[in-house]
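Asks: Dropping the structure in here first, questions after.
We did not get these values from a lab; they are worked out from the coordinates using the rules stated. These figures come from a predicted structure and were not determined experimentally. All Cβ positions, even for glycine, are placed from backbone atoms using ideal geometry, and neighbour counts span all protein chains on display.
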Amino acid sequence: MRFSVILALPLVGCTGNVTLADTGNGVIGGSDSGNGFGTDTAPSITLVAPTDPVQVHVSLTGTVSDTEQTAETLIVEVTSDVQGRLIQLYPDADGSWSWSGDLQTGSHHLTATVRDTQGKSSSAEAVVEVTSQDHAPTCQIDSPKDGATYPSGSTEHFAGSASDEDGDEVRLLWSSNVSGGIFEGTEYDYRLPDGQHTITVTGDDLNGGTCTDSVQITVGS
């Protein structure tokens, strides 16, 4: 006996019905009157920052959205063409996300990719030029001491030190508001004229970082 059974079933996750028919010969055929079996659209991602292509400390912020699942269940991955994967994270419930970090000096092509649980993904890109960060050096006058008094015609001993977090060599320049430039270096003996002197040392790491220190001394009565 030949017979046919037709079932029209609603599909979860898509519009329309799926129709299954048994024509009696053991073969079941089907058709979908909607948009397919579990059709999933790709999530979207937008980069809000960076807006400045030249940065020392890189910060990325953006938003994601998806029509099939909540934002906090999506996965965002940030990669650099220089350093590879930087981070993988979950967005906040409102779809916002952020990442910040220090990258190697040079040009980086950054890609932020959002992926849903079905494997669909979208990407947004940004190019940043990372510059090296220069820390200012520190310097101090060890001699003479602030407020020191010296007799007329005496020779004053000048000594100072400097350090730099980046390991740069620091050049020290000494001067007096009365005598002008005195010397360059860390230690020197020099005879100042009588008067009230403000002794200043200026440090320069030759990369744009500077430091200063000063003391006031009196020579003569």
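Asks: Report the net charge of residues surrounding D142, where surrounding means a beta-carbon distance below 12 angstrom and charges are Lys +1, Arg +1, Asp -1, Glu -1.
Replies: Net local charge, D142 excluded: -2.
Asks: Another one. Under the √(5λ) rule applied to the eigenvalues of the Cα gyration tensor, what semi-axes describe the equivalent ellipsoid of the range 44-130? Give them in Å, descending.
Replies: Calculated on Cα positions only, the semi-axes equal 24, 12, 10 Å.
Asks: Using only the C-alpha atoms of the range 138-219, find the volume of their convex hull and express it per residue in Å³.
Replies: 71
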